[in-house]
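What follows is a short report on a single structure.
The values are calculated or read from the model by the stated rules, or taken from the named source; none is laboratory data. The structure displayed is predicted, hence computed values, not measured ones. Positions of Cβ are backbone-derived with ideal geometry, glycine not excepted, and every protein chain shown enters the neighbour counts. SASA here: full protein model, heavy atoms, side chains in, ligands and nucleic acids out. Shrake-Rupley method; radii C 1.70, N 1.55, O 1.52, S 1.80 Å.
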Amino acid sequence: MVYNDSQTIGLGYALSILFLQQLIEGNEDVFLICPRFPLYVSPSDLTGAKGVYVDQVLLLPRASQTEGNLKLSQVFRHAHNLRNLDLHISTLEVPLLEGKKQVPSRPAQDLEAHVRSIQASLDAAQLRVTTQAKIFLSSPRYATQELVILVASSGEYYRLAVLSRDHRALSIIPSSYDIFTLMIDQEETVDVSELVKDLKSQLVLSARTPAEREQQRLFALHKAEKEENGKQDDAREARAEARSKRQAALRTEDGHMRKLSQIVIDAGEPEPSYSDEWIEAYHEINRVIVNDLSFQRYPTFFEPEPHPHETVSTLANLRNPKNDREVVFSGVIRIGSQTSEKFFEMIRRHLSRLAGEERSRR
């Protein structure tokens, strides 16, 4: 298995790991969390291991013992105390695929930039994980699996979908362009020069005496505070200039464009506010301006709570009436919100059922 450490840097991966750990809590003997899971590895490039890798998945190995009398649940819990353990993995299921995009390294200048950065990141993650899911369910290695949960995430935000084997999205094999784009996209790396610069700025050279070390520490602290204040002053000036330009543009704008600009201006006074209310106000008008006809159960930016009796299976049956080959994702969900908790429990119930079936088989 290839594990690309550069892909696991940042808050988004920490949130994702915690999210998945909570999903399988109590079922750790059944499920495994696997970063950088290979769906396909090119046999012609074994040294570089080029292929299609999912950022993170949940694995359900169907295991059996060839020797010994321990229950498999005991084997997985106490494997560190066992020697010469002989297990046979007959099949491997993947109940959940997660495609991630890193959050922007700098905060957005205004409400409009903030909303667009969320949408752009989630759109890219959604396209990635959809193509991965089509490859996954089209692979003979997973021919017995009926559905898979898809998570497209960026930082604290994510969208959900469930793809079933009978979905018409699978009637067309992903194009060469989609697969090529996916493989190229996964070659992204962090900006090493930025990391080095940030690390060096926090280092303090050793001095001879405690007094000299304290003096150097205070100097470094003062320097860092001065640089940060300078960045904040520059950001405030940039926001003020952008607001002035928008205010001037209001004289020539009318209708929805004028309303949209006014929302961005109001949300930026005195400091930028990215509250859910401002985001929804912006999204409502922008959706009309761009004539967004994409299918959603709700025309809002954030996904409301699921219906009382909604399940993973009912989500798998969700279809766009105008295009039944489209995989329909939820609106944006924020980790930790009430909506997220409801969907979280829905997925947990599904995973607990799978865990129960596996335990009874063992």
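Hey, Arg159 hits all of (1) closer than 22 Å to Val41 by Cα; (2) outside any loop (DSSP other than H, G, I, E, B); (3) open to solvent by 20 Å² or more (accessible area, probe 1.4 Å) but one; which does it fall short on?
(1)
Answer yes or no: is there a residue in segment 298-315 that is closer than 22 Å to Ala161 by Cβ, assigned to a loop (DSSP other than H, G, I, E, B), at pLDDT below 90 and of a type in the set (Phe, Trp, Tyr).
Within segment 298-315 (the criterion being closer than 22 Å to Ala161 by Cβ, assigned to a loop (DSSP other than H, G, I, E, B), at pLDDT below 90 and of a type in the set (Phe, Trp, Tyr)), the answer is yes, since at least one residue qualifies.
Could you run through segment 80-111 and say how many residues are in contact with a His (Cβ under 9 Å, 6 or more places away or on another chain) and either at pLDDT 80 or above or under 17 Å from Glu146 (Cα atoms) (or both)?
Within segment 80-111, residues that are in contact with a His (Cβ under 9 Å, 6 or more places away or on another chain) and either at pLDDT 80 or above or under 17 Å from Glu146 (Cα atoms) (or both) number 1.
Conditions tested, residue by residue: (1) outside any loop (DSSP other than H, G, I, E, B); (2) in contact with a strand residue (DSSP E or B) (Cβ under 6 Å, 6 or more places away or on another chain); (3) surrounded by fewer than 21 Cβ atoms within 10 Å (Cβ to Cβ).
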site: Gln109; (1), (2), (3): no, no, yes
site: Ser121; (1), (2), (3): yes, yes, no
site: Leu127; (1), (2), (3): yes, no, yes
site: Thr130; (1), (2), (3): yes, no, no
site: Arg141; (1), (2), (3): yes, no, yes
site: Gln145; (1), (2), (3): no, yes, yes
site: Val148; (1), (2), (3): yes, yes, no
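Does any residue in segment 163-180 that is surrounded by 15 or more Cβ atoms within 10 Å (Cβ to Cβ) come within less than 9 Å, Cβ to Cβ, of a residue that is aromatic (Phe, Trp, Tyr) six or more places away or on a different chain, and which pairs are these?
Note: pairs meeting the criteria are Leu163/Phe136; Ile179/Tyr40.
Of everything in segment 33-65 that's at pLDDT 90 or above and open to solvent by 10 Å² or more (accessible area, probe 1.4 Å), which residue is farthest from Gln132 (Cα to Cα)?
My answer is Ile33.
Could you please find all residues in segment 99-157 being basic (Lys, Arg) and touching an Asp or Glu at 6+ places or on another chain (Cβ under 6 Å)?
Residue satisfying the conditions is Lys100 alone.
Taking segment 273-297 on its own, how many of its residues are touching a helix residue (DSSP H, G or I) at 6+ places or on another chain (Cβ under 6 Å) and either under 19 Å from Asn320 (Cα atoms) or part of a loop (DSSP other than H, G, I, E, B) (or both)?
Looking only at that region, the number is 2.
Which numbered condition in (1) out of contact with any Ser or Thr (no Cβ under 9 Å at 6 or more places or on another chain); (2) within 25 Å of Ile265 (Cα to Cα); (3) at pLDDT below 90; (4) not basic (Lys, Arg) is the only one that Ser139 fails?
Checking Ser139 against (1) out of contact with any Ser or Thr (no Cβ under 9 Å at 6 or more places or on another chain); (2) within 25 Å of Ile265 (Cα to Cα); (3) at pLDDT below 90; (4) not basic (Lys, Arg), the one that fails is (2).
Looking at (1) modelled with pLDDT of 90 or more; (2) within 14 Å of the chain's Cα centre (by Cα), can you tell me which one Lys134 breaks?
(2)
Does Ser261 qualify as being open to solvent by less than 40 Å² (accessible area, probe 1.4 Å), within 28 Å of Gln109 (Cα to Cα) and part of a loop (DSSP other than H, G, I, E, B)?
Working: open to solvent by less than 40 Å² (accessible area, probe 1.4 Å): yes; within 28 Å of Gln109 (Cα to Cα): yes; part of a loop (DSSP other than H, G, I, E, B): no.
For Ser261, the condition - open to solvent by less than 40 Å² (accessible area, probe 1.4 Å), within 28 Å of Gln109 (Cα to Cα) and part of a loop (DSSP other than H, G, I, E, B) - is not met.
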